[in-house]
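Written below as C-alpha cells is the structure these notes are about.
The values are calculated or read from the model by the stated rules, or taken from the named source; none is laboratory data. Predicted model, so just to flag it, every value in this text is computed and none were measured. A quick note on method: Cβ atoms are made from the backbone with ideal geometry, for glycine too, and the neighbour counts reach across all protein chains shown. Side chains included, ligands, DNA and RNA excluded: accessible areas come from the protein's heavy atoms. Shrake-Rupley method; radii C 1.70, N 1.55, O 1.52, S 1.80 Å.
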Amino acid sequence: MAIPMRRPAIWLEVAMATLAAGCAWAMEYGVLRLLRGDGDGKAVLGIVILAALGALFTAATVGAHRLRQGPARELTVTAEGITTPTGGYAWDDIVAIRASSYLPQGGLRKRNLIVVELHTDARTPLQQDANLGRIGRAIDRATHHSFRLVAAEDLDVDPWKVIRALQALAADPALRARLAGPDGPALIQSQPGMG
C-alpha cells in the first residue's frame, strides 16, 4: 500500500532561481568593474565566491524542479516493512512508531515528524552506509536507534491517521497481512484523525 507524499511547493524552486540570478547579476557587475580597471584582488575573490554560490543555487533550483516534476514520492507500507524515499525498515526491527516534534534552530514553527524506533541490534540506514563509518555509528548511538520516518507535512493525507495505522500495524502482525488485500487503504482511513 502506498501513502502519497506531497510534492515540494514551487516557491522553493523560484527562491533558488532568484538567488542564482542575483549571484549571476552581481558576478557580471564585478567582471565589468574588473574590465574597466576599477577592481582589485578583492573583486576577483568576490567573483569566485559569487560563482560558487551561483553554482550552488543553480544546483538547488534543478534539484527542487526535479522533485516537483519527478515521480510521486510515497511512503510504502507492506507486510514486510515500511519504505520511504530515504530508506526502509523491516517490521521485525521496529520497536515503536511515535510522533515527535522539534523546533529547528532559528525556526519559527515546530516540525512534526513520524519517528521509527528500532531494536538495538537492528541494522540502521546509518550503519548500512559504508561511507558514514564511525560518524554514522556515533549518530546512531546519539539518536538511540530512532529515525525520522517522514515529516507530517510531507504526507498528502491526515498524518494522525497514518501514525495511528502504523502503530497498529507495528503492534499486530495479523493486520499486516491485510495490507495486500482490498481493505489495505481502509486500515488507514478507519483510524481516528486529529479532530
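Read through the list (1) in a strand (DSSP E or B); (2) open to solvent by less than 30 Å² (accessible area, probe 1.4 Å), then give the number of the only condition that GLY30 fails.
(1)
Output the number of residues of the range 46-86 satisfying the condition of being out of contact with any helix residue (DSSP H, G or I) (no Cβ under 8 Å at 6 or more places or on another chain) and aliphatic (A, V, I, L, M).
Total satisfying the criteria: 9.
Which ranges mark the helices (runs of 4 or more DSSP H) fully within the range 80-195 that have 1 or more residues being modelled with pLDDT of 80 or more?
Numbers: elements: 125-128, 133-142, 159-171, 173-177, 184-189.
Fully inside the range 80-195 and qualifying: 159-171, 173-177.
Determine, yes or no, whether ILE47 is modelled with pLDDT under 85 and crowded, with 16+ Cβ neighbours inside 10 Å.
Working: modelled with pLDDT under 85: no; crowded, with 16+ Cβ neighbours inside 10 Å: yes.
Answer is no for this residue.
Being in contact (Cβ under 8 Å) with a residue 12 or more places away in the chain and open to solvent by 50 Å² or more (accessible area, probe 1.4 Å) is the filter here; which residues of the range 94-103 pass it?
Applying the first criterion (in contact (Cβ under 8 Å) with a residue 12 or more places away in the chain) to the range 94-103 yields 94-101.
Scanning the range 94-103 gives VAL95, ARG98, ALA99, SER101.
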